[in-house]
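The values are calculated or read from the model by the stated rules, or taken from the named source; none is laboratory data. These numbers come from a predicted model, not from an experiment. Quick reminder, even Gly has a Cβ in these numbers, built from the backbone with ideal geometry, and neighbours come from all protein chains shown. Just the protein is used for accessible areas: all its heavy atoms, side chains included, with ligands, DNA and RNA removed. Shrake-Rupley method; radii C 1.70, N 1.55, O 1.52, S 1.80 Å.
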Amino acid sequence: MNNKSTSMSRFDLPTTEIYLIDAATLQLVDVNPAARQNLGYDLASLMAMTPLELAPGVDRLELRTLLDGIGEEAGAQAQLRTRHRRRNGSTYPVKLCFLRIVRDGRSLFLAIGDDLSLEMAYQARFDAVVNHTPGLVYQFVLHGDGSVAFPYLSEGCGALLGLSVAELQQDPSRFAGLILPEDRKGYQDAMLASKDTLSGWNWEGRIWIEAWHDVKWISLRATPLALDGGGMQWDGIMTNITASKLEQEEARRSRARLAELTEHIEQVKEQERTRIAREIHDDLGGNLTAIKMALAMLAARLPDDPALLEKADYLDQLVDRSIEAVHRISLDLRPGTLDLGIVAALEWQAREFEKQLGIACVFRGVDKDIELDEDHASALFRIFQEALTNIAKHAGATRVTVSLRRQRQHLTLSICDNGRGISPADRLKPHSFGLRGMSERARALGGTLTLSPSPGGGTMVAVKIRLAAPAPARTTQPTEA
């Protein structure tokens, strides 16, 4: 394509106003269709005019000085912002870019005009949307030399940060100064991570508003854009999340208080179970034993009457069954083996499980005994009982392996079965009180409870708690002789 056809194709662009102006007389030589349509004049009328008639606000001397200042070198140009007046008297903002050209040996100025009214309408709409957006819409730039700037800040700046747009743009470092010292490292790390990976910059932290003597939580979300020279620009929004953070903190405190209450209730329950178990075993068990002995004495002195002997034998069996019931209830309330230590109690419960359900239950423990306080031992034993109950009800297992091991200051109890396993959906059921109770007991111990697939199929329940630090050895001072 030759130069002339290229010029004509640019000249006929529908969205850009283009004017050819005689360099000597400033008379319009040609005007493209977009300009004619926008101005409302035909070509003949425009060719009888000068740019000064289209832009009455521009002084002739001012325009001549501007145009004469355009040099002959390639790329030389001058710009002018003014308002064009249409044939009907209305005006619109326009930006004109002037260049020197030579056409058919004639010295001309080429003026390329952009109608700014549409751009201004878009800007007004953008500003309206931004200024009604909760929070602060902003642009943040980190230059290659480490300096920072806020090229754009919405009107929400003052309400969120307590600083005006002018104050923050004049001294952009003031924003980092608002951040509480303990949160600044997280802010910097998040910014640099976003810069290095070109990923979103997401950060939440606290700022101190001196004007209001108040701390606010803010959320920052921004998208990065690499700039020339090693700089980075982020376009984003900051919002005030103080209310939601306070709600989260209150919820956390409520959960902590609930956990403390749950732990206290469990301790009280265990203490009450222990008391009842001992009273049943000592008082009721002792009375039943005395009754059995008295029955034996009476039976030995009864006359040789089959009916009386049969009645005495029935009473003796009834007392035996009552003694067995007392023993069983006492064990259910609190196994006496707990007094012998947690290892002995777990071994006993494993044997009882195997004997009652016919499911092989292997217990493995390296230590003969592990020192635990009474509350911790009871809680760990109840978790073990609940795990075995779940296996009996739901697992369909034929073998259970129990492991108790101590690793430095931690104690881990693992219960593995070879059953059908537990699905993630079953863990989330709202009525899974057994699992929830086990987890709450573990948390009350300052530990954790995890559910995972067992190496041989089925499910593994693992409880890990921290052991109390051993008491420091007491040093004795030598006595003087």
task: Go through (1) within 30 Å of Val141 (Cα to Cα); (2) of a type outside the set (A, V, I, L, M); (3) in contact with a helix residue (DSSP H, G or I) (Cβ under 6 Å, 6 or more places away or on another chain) and name the single condition Gly285 misses.
output: (1)
field: Matching residues in segment 23-48 - criterion: being without any contact (Cβ under 8 Å) to a residue 24 or more places away in the chain, open to solvent by less than 20 Å² (accessible area, probe 1.4 Å) and out of contact with any Ser or Thr (no Cβ under 8 Å at 6 or more places or on another chain)
entry: Val31, Leu46
query: Just a yes or no: is a residue in segment 277-298 basic (Lys, Arg), out of contact with any Leu (no Cβ under 7 Å at 6 or more places or on another chain) and open to solvent by 70 Å² or more (accessible area, probe 1.4 Å)?
result: yes
- request: Determine whether Ala256 is part of a helix (DSSP H, G or I), among the aliphatic types (A, V, I, L, M) and loosely packed, with under 13 Cβ neighbours inside 10 Å.
  value: yes
- prompt: Going by the structure shown, is Leu118 surrounded by fewer than 18 Cβ atoms within 10 Å (Cβ to Cβ) and modelled with pLDDT under 90?
  reply: yes
Selection count, segment 265-323, where residues are of a type in the set (Val, Ile, Thr) and closer than 27 Å to Arg441 by Cα: 5
task: List every residue pair whose Cβ atoms lie under 8 Å apart, where the two residues are 6 or more positions apart in sequence or sit on different chains, the first residue falls within segment 134-146 and is open to solvent by 60 Å² or more (accessible area, probe 1.4 Å), and the second residue, located anywhere, is β-branched (Val, Ile, Thr) and modelled with pLDDT of 90 or more.
output: Pro134/Thr239
- request: Confirm whether Leu413 is modelled with pLDDT of 80 or more, open to solvent by less than 30 Å² (accessible area, probe 1.4 Å) and touching a helix residue (DSSP H, G or I) at 6+ places or on another chain (Cβ under 7 Å).
  value: yes
- prompt: Taking the stated definitions as given, is Gln349 at pLDDT 80 or above, open to solvent by 70 Å² or more (accessible area, probe 1.4 Å) and in a helix (DSSP H, G or I)?
  reply: no
task: Given the conditions (1) of a type outside the set (Phe, Trp, Tyr); (2) open to solvent by 60 Å² or more (accessible area, probe 1.4 Å); (3) part of a helix (DSSP H, G or I); (4) over 22 Å from Ile329 (Cβ atoms), report the number of the one that Pro303 does not fulfil.
output: (3)
query: Of the residues in segment 54-90, how many are in contact with a Lys or Arg (Cβ under 8 Å, 6 or more places away or on another chain) and surrounded by 14 or more Cβ atoms within 10 Å (Cβ to Cβ)?
result: 4
task: Answer yes if at least one residue in segment 236-245 is touching a Gly at 6+ places or on another chain (Cβ under 9 Å), open to solvent by 50 Å² or more (accessible area, probe 1.4 Å) and hydroxyl-bearing (Ser, Thr, Tyr), and no otherwise.
output: no
message: Need the failing condition index for Leu308 against (1) under 30 Å from Arg399 (Cβ atoms); (2) open to solvent by 70 Å² or more (accessible area, probe 1.4 Å); (3) among the hydrophobic types (A, V, I, L, M, F, W, C); (4) out of contact with any helix residue (DSSP H, G or I) (no Cβ under 8 Å at 6 or more places or on another chain), just the number.
response: (1)
- prompt: His264 passes all but one of (1) closer than 30 Å to Ile323 by Cα; (2) open to solvent by 50 Å² or more (accessible area, probe 1.4 Å); which number fails?
  reply: (1)
- prompt: Restricting to segment 49-59, what's the tally of residues that are under 17 Å from Val29 (Cα atoms) and without any contact (Cβ under 8 Å) to a residue 40 or more places away in the chain?
  reply: 6
- prompt: Do you know which residues across segment 416-439 are open to solvent by 60 Å² or more (accessible area, probe 1.4 Å) and at pLDDT below 80?
  reply: Pro424, Ala425, Arg427, Leu428, Lys429, Pro430, His431, Phe433, Arg436
